[in-house]
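Trainee: Below is one structure. I have some questions about it.
Just so you know, all these numbers are worked out from the coordinates, no wet-lab data involved. On a predicted model such as this, the values are computed, not experimentally measured, just so you know. Here the Cβ positions follow ideal geometry from the backbone for every residue, glycine too, while neighbour counts run over all protein chains shown.
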Amino acid sequence: MSVDWAEVYRTTYRDVVRYLYRKVWDEDRAQDLAQEVFVRVLDDAPDNPRAWLFTVAANLARDEARTVIRRKKHLTLIKAETEEAAPASDPIETLDLEAKRNDARRALDELSERDREVLLLWDAGLSYTEIAERTGLAAGAIGTTLSRARRRLVEAFDALEEKHVARG
């Protein structure tokens, strides 16, 4: 049985956005996730398309909750990279802070130009629409691009941190 996803989209999109909004409490992010839901189900032919949409939406919302920790870590990395260090009384603390800043810079440098640009524009306070205009990406792709860029930044930073720990 084939599904008329265009009709399902017309009749269900707002409900999916509302559901996701109540999960993530961010209208732009809820719309991005709703779009992602429909992209993921296009090749599916479930018996109950509406129920399947909400199953996929619930899974994406759960994944989104997991990324909150990564986002917080990303913000901390950006903040550490851009703020001036307050003089620490302990030289070990000073060295540790400087090493983390250097790792944050290196992690940013390891990102693709697009990921770095989107992250820095977002960090500067631009809206998804403004980021899209600036980068030439579709406005609907900004949320997904940001999410992936954040994940890559945290992974790059963690890898650099692990190297420091391994060296002792």
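Trainee: With angles folded into 0 to 90 degrees, how steeply does helix 91-110 sit against the dominant principal axis of the chain? Use alpha carbons for both and round to 10.
Mentor: Taking the Cα atoms of the chain, the angle to 91-110 is about 40 degrees.
Trainee: What residues of segment 23-39 lie in the reach of a label at ALA58, counting those whose backbone N is under 17 Å from a point 7 Å from the Cα along Cα→Cβ?
Mentor: 23-24, 34, 37-38
Trainee: Could you calculate the contour length gain from ARG14 to ALA65, that is, 0.36 nm times the residue separation minus the distance between their Cα atoms, to one decimal place in nm?
Mentor: 16.3 nm
Trainee: Please arrange THR12, THR76 by how many other C-beta atoms lie within 10 Å of their C-beta, fewest to most.
Mentor: Listing THR12, THR76 from fewest to most nearby Cβ atoms yields THR76, THR12.
Trainee: At R0 = 45 Å, how high is the FRET efficiency between GLU161 and GLU130 if r is their beta carbon distance? Nearest 0.05 is fine.
Mentor: Result of the calculation: an efficiency of 0.90.
Trainee: Let me ask you something else. Can you give the angle from 0 to 90° between the axis of helix 113-123 and the longest principal axis of the chain, with both taken from C-alpha atoms, to the nearest 10?
Mentor: The angle comes out at about 90 degrees.
Trainee: Using 0.36 nm per residue of separation minus the Cα-Cα distance, give me the extension gain between ARG151 and LYS72 in nm, one decimal.
Mentor: Length difference between fully extended and current span is 27.3 nm.
Trainee: Sum up the charges of everything whose Cβ sits under 13 Å from the Cβ of ASP96, counting Lys and Arg as +1 and Asp and Glu as -1, but leave ASP96 out.
Mentor: Working: positive: LYS100, ARG101; negative: ASP90, GLU93, GLU98, ASP103, GLU161.
The answer is -3.
Trainee: Cα convex hull of the chain: mean projected area in nm², to one decimal?
Mentor: Mean projected area for the chain: 12.2 nm², to one decimal.
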